[in-house]
Amino acid sequence: MDHSLCKSLREGLTSRINPRALLHLSKLPTVALYLATKLVYRPLNQIGNGTIARHLFYNEYMKAIADLAGASNTRLSSII
């Protein structure tokens, strides 16, 4: 995404939204990321030594996120 477009969105949209509404809107991409890591990246990395997963976008990063354990995942699970 172009830097100027990101800056325009950040300054023109997200900085003007009520912080409480922005918090709740931020849950949408969080849930999408959580589901992608748990339902796509983790299973594909476990099948056949990750041969399929090796071709996925940001596989190593998403695999690391999927393998995280602790309070952050517990809190994220409570959102869904």
| request: Net charge near LEU44: determine it from the other residues with C-beta under 12 Å of the C-beta of LEU44, scoring Lys and Arg +1 and Asp and Glu -1. | output: +4
| Net charge near LEU22, counting Lys/Arg +1 and Asp/Glu -1 over other residues with Cβ under 13 Å of its Cβ? | +4
| task | For LYS38, list the lysines whose Cα falls under 27 Å from its own Cα; do not include residues on the same chain fewer than 8 positions away. | result | LYS27, LYS63
| Once Rh is set to the Kirkwood radius over Cα pairs, what Stokes-Einstein translational diffusion coefficient, in µm²/s, holds for the range 3-79 at a temperature of 25 °C and a viscosity of 0.890 mPa s? | 169
| How big is the range 12-53 by Rg and Dmax over its Cα atoms, in Å? | 16.1, 48
| Please identify the trypsin sites (Lys or Arg not before Pro) of the range 1-65 that satisfy two criteria: DSSP loop assignment and at most 15 other Cβ atoms within 10 Å. Which are they? | ARG16
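Readers should treat all values here as calculations from the given coordinates under stated rules, not as data from a laboratory. Nothing here was measured: the structure is a model prediction, and the numbers come from that model. Glycine gets a Cβ as well: all are built from the backbone with ideal geometry, and neighbour counts include every protein chain shown.
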